[in-house]
1. Determine the pairs where a residue that is within 19 Å of Pro227 (Cα to Cα), located within the range 141-154, has a partner that is open to solvent by 60 Å² or more (accessible area, probe 1.4 Å) and part of a strand (DSSP E or B) with Cβ atoms under 9 Å apart, the partner being 6 or more residues away or on another chain.
2. Can you spot a residue in the range 2-17 that is at pLDDT 65 or above, closer than 30 Å to Arg164 by Cα and touching a Phe, Trp or Tyr at 6+ places or on another chain (Cβ under 9 Å)?
3. Kindly establish whether Pro117 is free of Cβ contacts under 8 Å to residues at least 40 places away in the same chain and of a type outside the set (A, V, I, L, M, F, W, C).
4. Please determine, by comparing only the residues of the range 217-227 that are touching an Asp or Glu at 6+ places or on another chain (Cβ under 9 Å) and not polar (S, T, N, Q), which one is most open to solvent (accessible area, probe 1.4 Å).
5. Being assigned to a helix (DSSP H, G or I), of a type outside the set (A, V, I, L, M), free of Cβ contacts under 8 Å to residues at least 24 places away in the same chain and surrounded by fewer than 17 Cβ atoms within 10 Å (Cβ to Cβ) is the filter here; which residues of the range 3-38 pass it?
6. Here is a list: Arg207, Arg230, Arg214. Which entry is open to solvent by less than 70 Å² (accessible area, probe 1.4 Å) and either in the same structural domain as Leu124 (by TED's automatic domain parsing) or over 16 Å from Thr105 (Cα atoms) (or both)?
Amino acid sequence: MNRQSQAAVLFLLGVALLHAGTTDLYLRYVKAGLQPLLLASGSVLIVAALATAWYERRRAKEMRAPKGPAHPEPGVSWLLVLPLLALMLVAPPALGSYDATRTGTALQEPLAYPSLPATDPLRLSVVDYAGRAAYDHGRTLSGRRVQITGFVALDRAGTPYLVRMALNCCAADAQPVKIGLIGDTPPVLQPDTWLTVTGTYTARESRDPVNDGRIPFLDVLTAKPVPTPRDPYDESYNN
């Protein structure tokens with residue numbers, strides 16, 4: 001590709017990054033805290049593209065046209081634009097039950113167990129509940145009703161899990177944290193259905209068949225389907 005074509009592709013890449021960064025699309029790729037860097041990167045690429053186009057146009061005016069036959073660049077190079085168009089036009093789904101059942105739980109022992117508010121039900125993330133239930137033996141959860149949101153995954157035996165993909169930086173490093181569900185679970189559970197579950201702590205625990213990680217359980221009182229949240233990933237994993 002010549003410099004003008006390179007500038008065009010660079011400009012489209014910058015536009016694609018700005019489009020993703022100004023909508024919820026970027027949350028499919030990176031954590032929310034990286035939005036300013038994404039917007040800054042898109043802006044830099046656009047400025048670089050405009051500067052390249054201006055420089056090449058100025059240089060073309062200053063130089064005489066070369067003699068001899070022209071050698072156009074191969075048109076196949078424009079296929080580089082297709083991934084950019086896909087980024088702008090197609091929103092990929094967040095990682096779901098397929099990835100969760102094929103990846104071991106990423107649950108790790110928390111460094112501390114901050115005090116919990118006296119609300120009822122107590123809203124917790126999948127990561128927070130799982131860490132307190134597995135490693136603190138539910139001491140801060142006993143006697144409390146908790147409310148947790150996640151998507152459904154089923155193992156080969158049909159055991160239902162409430163899952164959230166925990167994020168360090170971007171979707172490429174996302175790993176599942178799983179909570180087993182017992183009690184008053186819905187009679188029919190479809191993988192990837194998002195639920196808000198209200199329940200109580202139970203000492204029941206199992207091991208993840210993928211990596212032998214600890215999977216705590218929740219005794220379900222009620223469960224209702226909810227829309228996919230704006231940010232489907234759990235970023236508390238690295239807080």
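The values are calculated or read from the model by the stated rules, or taken from the named source; none is laboratory data. Nothing here was measured: the structure is a model prediction, and the numbers come from that model. Positions of Cβ are backbone-derived with ideal geometry, glycine not excepted, and every protein chain shown enters the neighbour counts. Side chains included, ligands, DNA and RNA excluded: accessible areas come from the protein's heavy atoms. Shrake-Rupley method; radii C 1.70, N 1.55, O 1.52, S 1.80 Å.
1. Cβ pairs passing all conditions: Gln147/Arg123; Ile148/Arg123; Thr149/Arg123.
2. yes
3. yes
4. The extreme case among them is Leu221.
5. Gln35, Pro36
6. Just a single option satisfies the conditions, and that option is Arg214.
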